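Structure record follows, encoded as structure tokens.
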Amino acid sequence: MRVMAQMGMVMNLDKCIGCHTCSVTCKQAWTNRSGVEYVWFNNVETRPGLGYPRRYQDQERWRGGWVRNRRGRLQLKAGGRFRKLLTIFANPVLPHIRDYYEPWTYDYETLTDAPLGDDFPVAQPKSLLSGEPLAVEWSANWDDDLGGAPEHGPHDPVVERIRAESEEKVKFDYERAFMFYLPRICEHCLNPSCVASCPSGAMYKRAEDGIVLVDQDRCRGWRMCVTGCPYKKVYFNHRTGKAEKCTFCYPRVEVGLPTVCSETCVGRLRYLGLFLYDADRVTAAASVADERNLYAAQLDLLLDPDDPEVIAAARRDGIAEDWLDHARRSPVYRLAKEYRVALPLHPEFRTMPMVWYIPPLSPVVDRLVETGHDGESAPNLFGAIDALRIPVEYLAELFTAGDPGPVTDVLRKLAAMRSFMRDVTLGRELDESVPAAVGMDAEQIMEMYRLLALAKYDERYVIPTAYEGEAHQLEEIGCSLDVEGGPGMGGVGPFGEASGRPVPVSVETFHALRVRQTSEGVADPGVPGARVNLLNWDGKGRPPGLFPPPREAPAEPGDLTDRGSPPERTAGTPTLEDRR
Amino acid sequence: MSTWDLLLWGVLPYVMVAVLVGGTIWRYRYDKFGWTTRSSELYESRLLRIGSPLFHFGLLVVIIGHVIGLLIPQSWTGAVGLSPTAYHVQALVLGGIAGFCTLVGVGILVYRRRTTGPVFSATTRNDKLMYVVLVAALVAGLATTLLGATGGEHNYRETVSPWFRSLFVLQPDIASMAGAGLAFHVHTLIGMVLFAIWPFTRLVHAFTAPLGYLFRPYIVYRSRAAGGATRAPRRGWETADNR
């Protein structure tokens, strides 16, 4: 047994309202640069739907993930090492930009520049790749909320798989439609096929916390990782020619903050925490013969952090004491392994994904209420789960390689929790048979309810705060002092203003915020070369660089007023200069 | 031996090597982030799928041909029973085919670069210069091959190759090279220019051909402490053991 720690996430899909806040904040934090306009490290897709990039789940087309060969060993679906090198000059299964979408902006200038005329000027969409006018035809969530579902829905690879078994199972007519949202980030897999596909060895899994990253200095842009990832969560930056992917917000996680997507989630549906797993058994677990057993095999890898044997092994393998403590309080371990209500996404790709999902129960409850039943009584709910097979089969294709058993179990647990907690809330007599029917006891149900419904910030996000003994190397801390009196200290680099490394935005923001909070005057870092950050600008005064330097007005004859040097800028006294 | 001969075949090769080696080291140290293929496959793949393998595989064969033709002395191939005529014919046929494939490949790639909007707008001036030199080197090289096929049988293995080998022992055999034909002179000069600009263009990706992929384990683990290893710790932040 070799114990390793892994940061994991659980998303409770019942709570996702599809607001895309996670996607937007993630994009603002990580991919608001040129070259990654089309990239969403976090995206929210409507299921059933095509997903982003379109039909990414169809591995017969995209050849991502692993397959088990006839000798029972794992191999990359897109081919082994030799095949990779032979196809390196033109990767035959790289998605085209249109499989994602062609990024665009609008020609806003026309709105102000257009000559007077009878027609209102329009801001035409223009491609960000070629600058040419473009007909917008697709985006990261074009089929949001089942938009165009009669047309696109049947092409959902999951729907195709279910329909292959029975034509009648999935319907897109209005009365029988169903949908739910699926937020997706990188799965930070235990057996990452993107890492295995990288010819340069630039992608790696961090030994400490299992976060999968791309070394930007070693990536050579061979693009095999994009093919290797079955979730298509590694992207190619077409400006820098390097691969980029979700980083699990490692600079935040390292200092104990949740990822941006979790932090900003409106529904508070995300949970972050540690898993301990047995690294020696990962390959064996990913190679089990029947793909329906992959979920069980993956669960089996997760080690019980309360088991003295595991604790001893973890200490031996160098896992710090506070990490073990965090692992014992991990909400993701409890949801995935103890209560078994969280399921992995597409275990059949054999990558052992570490972002887990609690499947949605809502469609079942709503359907019962619509048909005039008590949607929250246990017998009704249990019966409905079995009767309404459409969602269960669809969910099973997503989360358990098509095995409806575990999905039904989860839904029954959630139903039991609803029903039981209603009795608690209404002060009715508690029916112990309800938890028993799903293999839990009353106390467990209450605990699970607490975690799913009430848990506060520090219970949802149990993140080990410090990497003992190496705190000085943290990305967010150790970068401000390139040179004595250097950029971080408010000076310039050794060879003038443009030399030295740029100040990390976080450091600059930190200083700016501090100045703003502690000074009486204008929040102006007063550092040569400091960027103007509109987020931190308090509207007082005019930081240098906000506007281009004013042009000298030609001196008028007879103007005797001595303009002199501009007055000292002070808070609350805007001058004419400031309003220009 | 004129001064020009001395400069072109005695001095220039060493200048070129100095620029190539020095430039590569400089680029590797200061621009690892820019060290990439800068692939444009995301924008267009239909033409790339034909042109790129044609060009790259053709080029690999061309490189192997150069290595054999320049490094292996004529006496050695003679000793294994390969007559100069037979050698010449096989070099002509293989080299001609490979060179033609490479040229067609690069032709497709340049056409694609010019006609596909996003690819063209992602083309830098550096790229354009590189393409000019690269295509010129290919055309001149193919010309020497074809000239060898049509007319006066000039045996470069008695002129260019000895000169090339003599460079490595720092005793450049300038006289031999001076005796080679004009076509060979032109091709060699363009080739030297190509190698001199190599480290400063996207061509550097060839130096990091990922052959190590064949020998490493599939899953790469890296410790976070070692994770910053590609970037030197900043002054004042070294750990006690790497100070």
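The values are calculated or read from the model by the stated rules, or taken from the named source; none is laboratory data. Treat the numbers as computed from the prediction; the structure is a model and nothing was measured. Methodologically, a virtual Cβ is constructed for each residue, glycine included, from the backbone with ideal geometry; neighbour enumeration extends over all protein chains shown.
Residue under question is A:Phe178, and the condition is that it be under 23 Å from A:Leu395 (Cβ atoms), more than 14 Å from chain B (Cβ to nearest Cβ) and out of contact with any Gly (no Cβ under 9 Å at 6 or more places or on another chain); does it hold? Lay out the reasoning, then the answer.
Details: under 23 Å from A:Leu395 (Cβ atoms): yes; more than 14 Å from chain B (Cβ to nearest Cβ): yes; out of contact with any Gly (no Cβ under 9 Å at 6 or more places or on another chain): yes.
When the stated conditions are applied, A:Phe178 passes them.
Among the residues that make up region B:155-173, is at least one of them out of contact with any Ser or Thr (no Cβ under 7 Å at 6 or more places or on another chain), within 19 Å of B:Gly96 (Cβ to Cβ) and either surrounded by fewer than 17 Cβ atoms within 10 Å (Cβ to Cβ) or at pLDDT 95 or above (or both)?
yes
State all residues of region B:206-222 that are touching a strand residue (DSSP E or B) at 6+ places or on another chain (Cβ under 9 Å), crowded, with 17+ Cβ neighbours inside 10 Å and hydroxyl-bearing (Ser, Thr, Tyr); if no residue qualifies, say none.
Initially, region B:206-222 is screened for residues touching a strand residue (DSSP E or B) at 6+ places or on another chain (Cβ under 9 Å), giving B:218-222.
Okay, now just the ones that are also crowded, with 17+ Cβ neighbours inside 10 Å, so B:218-220, B:222.
Of everything in region B:206-222, just one residue is touching a strand residue (DSSP E or B) at 6+ places or on another chain (Cβ under 9 Å), crowded, with 17+ Cβ neighbours inside 10 Å and hydroxyl-bearing (Ser, Thr, Tyr), namely B:Tyr218.
Considering only residues of region A:90-131 that are within 14 Å of chain B (Cβ to nearest Cβ) and without any contact (Cβ under 8 Å) to a residue 12 or more places away in the chain, which is farthest from A:Thr240 (Cα to Cα)?
A:Pro92
Yes or no: A:Ala140 surrounded by fewer than 17 Cβ atoms within 10 Å (Cβ to Cβ) and in a loop (DSSP other than H, G, I, E, B)?
On the way: surrounded by fewer than 17 Cβ atoms within 10 Å (Cβ to Cβ): no; in a loop (DSSP other than H, G, I, E, B): yes.
It is false that A:Ala140 is surrounded by fewer than 17 Cβ atoms within 10 Å (Cβ to Cβ) and in a loop (DSSP other than H, G, I, E, B).
Just to be sure, is A:Lys126 of a type in the set (Lys, Arg) and either over 30 Å from B:His56 (Cα atoms) or over 29 Å from the mean Cα position of the chain (by Cα) (or both)?
On the way: of a type in the set (Lys, Arg): yes; either over 30 Å from B:His56 (Cα atoms) or over 29 Å from the mean Cα position of the chain (by Cα) (or both): yes.
Against the criterion (of a type in the set (Lys, Arg) and either over 30 Å from B:His56 (Cα atoms) or over 29 Å from the mean Cα position of the chain (by Cα) (or both)), A:Lys126 qualifies.
Quick check on B:Leu7: is it part of a helix (DSSP H, G or I), surrounded by 14 or more Cβ atoms within 10 Å (Cβ to Cβ) and at negative phi? Step through it out loud before you land on a result.
Values: part of a helix (DSSP H, G or I): yes; surrounded by 14 or more Cβ atoms within 10 Å (Cβ to Cβ): no; at negative phi: yes.
Answer is no for this residue.
Would you point out which residue out of A:Glu137, A:Glu132, A:Glu168, A:Glu175 is over 29 Å from the mean Cα position of the chain (by Cα) and modelled with pLDDT of 90 or more? Before you say what the answer is, go through the steps one by one.
Numbers: A:Glu137 fails: over 29 Å from the mean Cα position of the chain (by Cα); A:Glu168 fails: modelled with pLDDT of 90 or more; A:Glu175 fails: modelled with pLDDT of 90 or more.
Of A:Glu137, A:Glu132, A:Glu168, A:Glu175, the one residue that is over 29 Å from the mean Cα position of the chain (by Cα) and modelled with pLDDT of 90 or more is A:Glu132.
Do we find that A:Asp322 is modelled with pLDDT under 95 and farther than 30 Å from A:Arg281 by Cβ in this structure? Before the answer, list the steps.
Details: modelled with pLDDT under 95: yes; farther than 30 Å from A:Arg281 by Cβ: no.
It is false that A:Asp322 is modelled with pLDDT under 95 and farther than 30 Å from A:Arg281 by Cβ.
Check whether at least one residue in region B:63-75 is among the hydroxyl-bearing types (Ser, Thr, Tyr) and farther than 25 Å from B:Phe164 by Cα, and report yes or no. Reasoning before the result, please.
Here is the first cut: in region B:63-75, the residues among the hydroxyl-bearing types (Ser, Thr, Tyr) are B:75.
Remaining after also requiring farther than 25 Å from B:Phe164 by Cα: none.
The answer is no; no qualifying residue exists.
Please determine whether any residue of region A:230-243 is within 14 Å of another protein chain (Cβ to nearest Cβ), at pLDDT below 95 and surrounded by fewer than 19 Cβ atoms within 10 Å (Cβ to Cβ).
There is at least one residue in region A:230-243 that is within 14 Å of another protein chain (Cβ to nearest Cβ), at pLDDT below 95 and surrounded by fewer than 19 Cβ atoms within 10 Å (Cβ to Cβ).
B:Tyr43: within 12 Å of chain A (Cβ to nearest Cβ) and either of a type in the set (S, T, N, Q) or in contact with a Pro (Cβ under 9 Å, 6 or more places away or on another chain) (or both), yes or no?
On the way: within 12 Å of chain A (Cβ to nearest Cβ): yes; either of a type in the set (S, T, N, Q) or in contact with a Pro (Cβ under 9 Å, 6 or more places away or on another chain) (or both): yes.
Spelling it out, B:Tyr43 is indeed within 12 Å of chain A (Cβ to nearest Cβ) and either of a type in the set (S, T, N, Q) or in contact with a Pro (Cβ under 9 Å, 6 or more places away or on another chain) (or both).
Considering region A:265-290 alone, what residues qualify as being surrounded by fewer than 17 Cβ atoms within 10 Å (Cβ to Cβ) and touching a helix residue (DSSP H, G or I) at 6+ places or on another chain (Cβ under 7 Å)?
Hits for region A:265-290 are A:Val266, A:Arg268, A:Arg281.
Listed residues A:Pro157, A:Pro183; which is in contact with an Asp or Glu (Cβ under 6 Å, 6 or more places away or on another chain), touching a residue at least 24 places away in the same chain (Cβ under 8 Å), more than 14 Å from every other protein chain (Cβ to nearest Cβ) and closer than 27 Å to A:Ser23 by Cα?
On the way: A:Pro183 fails: in contact with an Asp or Glu (Cβ under 6 Å, 6 or more places away or on another chain).
Of A:Pro157, A:Pro183, the one residue that is in contact with an Asp or Glu (Cβ under 6 Å, 6 or more places away or on another chain), touching a residue at least 24 places away in the same chain (Cβ under 8 Å), more than 14 Å from every other protein chain (Cβ to nearest Cβ) and closer than 27 Å to A:Ser23 by Cα is A:Pro157.
Restricting to region B:191-210, count the residues that are at the interface with another protein chain (Cβ under 8 Å from one of its Cβ atoms) and in a helix (DSSP H, G or I).
Residues that pass the stated criteria total 2.
Condition first: surrounded by 20 or more Cβ atoms within 10 Å (Cβ to Cβ), assigned to a helix (DSSP H, G or I) and among the aliphatic types (A, V, I, L, M). Now tell me which residues in region B:175-189 satisfy that. Give the derivation first.
Going residue by residue through region B:175-189, those that are surrounded by 20 or more Cβ atoms within 10 Å (Cβ to Cβ) are B:177, B:180, B:184, B:187-188.
Narrowing the set further to residues that are assigned to a helix (DSSP H, G or I) leaves B:177, B:184, B:187-188.
Selection gives B:Met177 alone.
Working only within region A:207-224, note down all residues that are among the small types (Gly, Ala, Ser), within 7 Å of chain B (Cβ to nearest Cβ) and either touching a Leu at 6+ places or on another chain (Cβ under 9 Å) or free of Cβ contacts under 8 Å to residues at least 24 places away in the same chain (or both).
Of region A:207-224, the ones among the small types (Gly, Ala, Ser) are A:207, A:210, A:221.
Narrowing the set further to residues that are within 7 Å of chain B (Cβ to nearest Cβ) leaves A:207, A:221.
Within region A:207-224, A:Gly221 is the sole residue that qualifies.
Only one of B:Thr123, B:Thr116 is polar (S, T, N, Q), within 13 Å of chain A (Cβ to nearest Cβ), touching an Asp or Glu at 6+ places or on another chain (Cβ under 8 Å) and surrounded by 12 or more Cβ atoms within 10 Å (Cβ to Cβ). Can you tell me which?
Details: B:Thr123 fails: touching an Asp or Glu at 6+ places or on another chain (Cβ under 8 Å).
Criteria check complete, one pass: B:Thr116.
Would you kindly identify the helices (runs of 4 or more DSSP H) lying entirely within region A:266-368 that contain at least 2 residues that are under 22 Å from the mean Cα position of the chain (by Cα) and within 30 Å of A:Arg63 (Cβ to Cβ)?
Details: elements: A:282-286, A:294-301, A:308-316, A:321-328.
Those helices (runs of 4 or more DSSP H) span A:294-301.
Conditions first: (1) part of a loop (DSSP other than H, G, I, E, B); (2) more than 26 Å from A:Arg163 (Cβ to Cβ). A:Phe382 passes all but one, so which condition is the exception?
A:Phe382 satisfies every listed condition except (1).
Of all the helices (runs of 4 or more DSSP H) wholly in region A:30-120, which have at least 3 residues that are over 27 Å from the mean Cα position of the chain (by Cα)?
On the way: elements: A:59-62, A:81-86, A:97-100, A:109-113.
The helices (runs of 4 or more DSSP H) meeting that bar are A:81-86, A:109-113.
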